[in-house]
Amino acid sequence: DSGVTQTPKHLITATGQRVTLRCSPRSGDLSVYWYQQSLDQGLQFLIQYYNGEERAKGNILERFSAQQFPDLHSELNLSSLELGDSALYFCASSPRQSSGANVLTFGAGSRLTVL
Amino acid sequence: AQKVTQAQTEISVVEKEDVTLDCVYETRDTTYYLFWYKQPPSGELVFLIRRNSFDEQNEISGRYSWNFQKSTSSFNFTITASQVVDSAVYFCALSNQGAQKLVFGQGTRLTINP
């Protein structure tokens, strides 16, 4: 157990729907990162939050949004879902704000299937 | 732009063989960090090692060893006396000083057959 908790583990939904993925970081970690793993794109960075504030954005679609709450848990909202959004979504956490040396601790992922 | 290339998509070996996973990276920065992560069949990503660009010493941890060569922009990973439990997808990744994200390679699927 990495200490990073993601729910749900699996989610099946239909095109056009909206889902929310939840992440609780490892105790003491202030940074939360979201990554998407798909067969065609591999592992792609989506977004990072530090202590409630957005710190970096990657290849995140406008249909996707995220936030980090005062208790440091984070949610990734995916709307107007398309077949291509089917992927494994990882949350990761690290103690510090911004450093390339950060070792990210990953959760087990949320597997989203859009039918 | 940063880029990580893992040219070996899949490798299959018999247990107890040694196997090397290749990783080649591109970056214009002088300070950067290289990582290896393991993704077993259960799906989670497990951190294995981090190296910074100023430390070219090879590292050994049990049956695992890493060879970092700046001259060839490579950070290769060797498993000695492989075991079935080593079967997984292995990812090499790169980040730059102050960067918020990891850039991952496409991964190498390693299968160790009994």
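The values are calculated or read from the model by the stated rules, or taken from the named source; none is laboratory data. These numbers come from a predicted model, not from an experiment. No Cβ is skipped: glycine too gets one built from the backbone with ideal geometry, and neighbour counts run over all protein chains shown. Quick note on the areas: whole protein, heavy atoms, side chains included, nothing else; ligands and nucleic acids left out. Shrake-Rupley method; radii C 1.70, N 1.55, O 1.52, S 1.80 Å.
FRET efficiency for the pair B:Thr5 and B:Asp29, taken as 1/(1 + (r/R0)^6) with r the Cβ-Cβ distance and R0 = 22 Å, rounds to 0.80. Of the trypsin sites (Lys or Arg not before Pro) found in the range B:1-44, the ones in coil according to DSSP and having at most 12 other Cβ atoms within 10 Å of their Cβ are B:Lys16, B:Arg28. Just the protein heavy atoms count here, and of the accessible area of chain A at 1.4 Å, carbon and sulfur take up 47 percent. Sites listed here are GluC sites (Glu not before Pro) in the range A:1-100 whose DSSP assignment is loop and whose Cβ has at most 13 other Cβ atoms within 10 Å: A:Glu62, A:Glu82.
Go through A:Arg96, A:Arg26, A:Arg18 and list them by solvent-accessible area, largest first, probe radius 1.4 Å.
A:Arg18, A:Arg96, A:Arg26
Look at where the Cα atoms of the range A:70-113 and of the range B:51-82 average out, and the two centres are 28 Å apart. With θ taken as phi - 60° and the Karplus curve 6.51 cos²θ - 1.76 cosθ + 1.60 applied, the whole-hertz 3J(HN,Hα) list for the range A:7-13 is 9, x, 6, 9, 8, 10, 8 Hz, x standing for glycine and proline. Working note: Karplus 6.51/-1.76/1.60 with θ = phi - 60° gives the range B:42-48 the couplings 5, x, 6, 9, 10, 5, 10 Hz, where Gly and Pro are set to x. The residues B:Ile11, B:Ile79, A:Ile12, sorted by heavy-atom accessible surface at 1.4 Å with ligands and nucleic acids left out, run A:Ile12, B:Ile11, B:Ile79 from largest to smallest. Averaged per residue, chain B has 50 square angstrom of accessible surface, using a 1.4 angstrom probe with ligands and nucleic acids left out. Under 18 Å from a point 7 Å along the Cα-to-Cβ line of A:Thr7: which residues of the range A:55-95 have their amide N that close? Label zone hits: A:67-78, A:89-92. Two numbers describe the Cα atoms of the range A:1-109: Rg and Dmax, which are 13.1, 39 Å. Segment A:Ser86..A:Thr20, full-extension length gain: 22.4 nm, with 0.36 nm per residue of separation and the alpha-carbon distance subtracted.
3J(HN,Hα) couplings calculated from phi for the range B:16-31 with the Karplus curve 6.51 cos²θ - 1.76 cosθ + 1.60 (θ = phi - 60°) are, in sequence order, 5, 6, 8, 9, 10, 9, 8, 9, 10, 10, 10, 7, 9, 7, 8, 10 Hz; Gly and Pro show x.
Which lysines have a Cα lying under 20 Å from the Cα of A:Lys57, excluding residues fewer than 8 positions away in the same chain? Here the lysines satisfying the reach criterion relative to A:Lys57 are B:Lys3, B:Lys101.
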